[in-house]
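Structure, as structure tokens:
The values are calculated or read from the model by the stated rules, or taken from the named source; none is laboratory data. Please read these numbers as outputs of a predicted model, since none were measured by experiment. Neighbour counts are summed over all protein chains in view; Cβ atoms, including those assigned to glycine, are modelled from backbone coordinates with ideal geometry.
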Amino acid sequence: MKKFQIDLIEWYIQNHRPLEFRLKKDPYEIWISEIMAQQTRIEAMLPYFKRWIQQLPDIESVAKCDDEKLNKLWQGLGYYSRCKNIKKCAIECVEKYEGKLPCTKEELLKLPGIGPYTAGAIASIAYGQRVSAIDGNVIRVFSRLYNICEDVTKTNVKKKIEKLVDESLPSKEEISYYNQALMELGALICIPKSPRCDHCPIQKYCSALDPASLPYKPKKKVRKIEYKHVYIWMYQNKVHVVKRADTGLLAGLYGFDEVKPEHIIESIELEPYIHIFSHVEWHMDATLCIVDREDSNYKTVEEIEERVALPSAFMPFMNQVKEYLWKK
Ligand code: SF4
């Protein structure tokens, strides 16, 4: 093993966060935690992860779980397509692999929702396979370590970094620690804006001249803006929630109506809200419409909180409805 890997692993052993799912090396728990941690800080996703594992302790329980419950457990993490893919993947594991995740990166990559990073993390951490797990943290560390100033969103630059990571992999015995050490270094020391180079265990091997400027990525395109008006139909203390269309943003999830109800007896304008998705911004106005009749889609706030996975785009309005009911 090269000196750089030894120093990194030694630092990791002494300084890593006690993340139970990584220490346990359970493939199922590593899989769920890695999917949940995409676009979410580990500390923020931990309560979701614990709740999920308590209620769905293995792959079979995920495969059998109904979509409403899965969405409810996922509520707050966003990107609901990842939750849908977890279920598809669990069903495939039950059908093809006796309820387990396969152990090679190649087989894992064939499963729904599992990309190269997640496949690498499961194969190396849980099964000790000598493969890389390259996420944004690892790209940042390597672009700095080798002072790569080209655009890391370009395929040829990504490939160059992948090659450097692959060449750096230690033996099977150390692979789990090494990959976790790289992730942890990227999360705790080689952080995006102000890297903590003075505390870095591999500073003496690092060629970065201006680390904070790396990795270089061109400016993101401006997000598209969509204007929406939601109408929250309310009868007595019940709110009308509807299942959204099967395509488009938040497909198949619950939300509020986008048409005015009939039989309005009072209208109240709510505070507008802007919800930001990765490529789109929803600029939303909302009207609370008190009506004089109900149907089966009306639910109490308690029922919604217990059983309906309302996406975070609608939560500010839900909170205003709760406030209205509370003041009544
Ligand atoms: S020395 Fe600084 S830039 Fe280089 S790897 Fe360490 S933290 Fe990152």
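Looking across Tyr127, Tyr79, one residue alone is assigned by TED's automatic domain parsing to the domain that holds Lys160 and surrounded by 19 or more Cβ atoms within 10 Å (Cβ to Cβ). It is Tyr127. Remark: Met315 falls outside the filter, which requires a residue to be part of a strand (DSSP E or B), surrounded by 13 or more Cβ atoms within 10 Å (Cβ to Cβ) and within 28 Å of the chain's Cα centre (by Cα).
Here's the yes/no breakdown for (1) part of a loop (DSSP other than H, G, I, E, B); (2) buried (at least 19 other Cβ atoms within 10 Å of the Cβ); (3) not assigned by TED's automatic domain parsing to the domain that holds Ala126:
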position: Asp7; (1), (2), (3): no, no, no
position: Glu10; (1), (2), (3): no, no, no
position: Phe21; (1), (2), (3): no, yes, no
position: Tyr28; (1), (2), (3): no, yes, no
position: Trp31; (1), (2), (3): no, yes, no
position: Ile35; (1), (2), (3): no, yes, no
position: Thr40; (1), (2), (3): yes, no, no
position: Met45; (1), (2), (3): no, yes, no
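Pairs meeting the criteria (first residue in region 131-145 and of a type in the set (Gly, Ala, Ser), second residue in a helix (DSSP H, G or I) and away from the ligand (no atom under 11 Å from the Cβ), beta carbons under 6 Å, at least 6 apart or on different chains) are Ser132/Gly120; Ser132/Val165; Ser132/Asp166; Ala133/Tyr117; Ala133/Gly120; Ala133/Ala121; Ala133/Ser124; Ala133/Asn179. Taken over region 85-115, the criterion of being loosely packed, with under 14 Cβ neighbours inside 10 Å, among the acidic types (Asp, Glu) and in contact with a helix residue (DSSP H, G or I) (Cβ under 9 Å, 6 or more places away or on another chain) is satisfied by Glu95, Glu106. If only residues of region 138-190 that are within 19 Å of Ala126 (Cα to Cα) and surrounded by fewer than 16 Cβ atoms within 10 Å (Cβ to Cβ) are counted, the one that is modelled with the highest pLDDT is Asp166. Here are some residues: Ile161, Ile189. Which one is under 25 Å from Gln14 (Cβ atoms), within 15 Å of the ligand (Cβ to nearest atom) and β-branched (Val, Ile, Thr)? One residue alone meets the criteria, Ile189. State whether the residues of region 116-130 include one that is free of Cβ contacts under 8 Å to residues at least 12 places away in the same chain and out of contact with any helix residue (DSSP H, G or I) (no Cβ under 7 Å at 6 or more places or on another chain). Checked against the condition, which is being free of Cβ contacts under 8 Å to residues at least 12 places away in the same chain and out of contact with any helix residue (DSSP H, G or I) (no Cβ under 7 Å at 6 or more places or on another chain), region 116-130 yields no hits at all.
Could you identify the single residue in Glu281, Glu262 that is at pLDDT 95 or above and surrounded by fewer than 16 Cβ atoms within 10 Å (Cβ to Cβ)?
One residue alone meets the criteria, Glu281.
Ile290 meets each of the listed conditions (1) surrounded by fewer than 15 Cβ atoms within 10 Å (Cβ to Cβ); (2) farther than 24 Å from Tyr80 by Cα; (3) not acidic (Asp, Glu) apart from (1). Residues of region 160-170 that are outside any loop (DSSP other than H, G, I, E, B) and hydrophobic (A, V, I, L, M, F, W, C): Ile161, Leu164, Val165.
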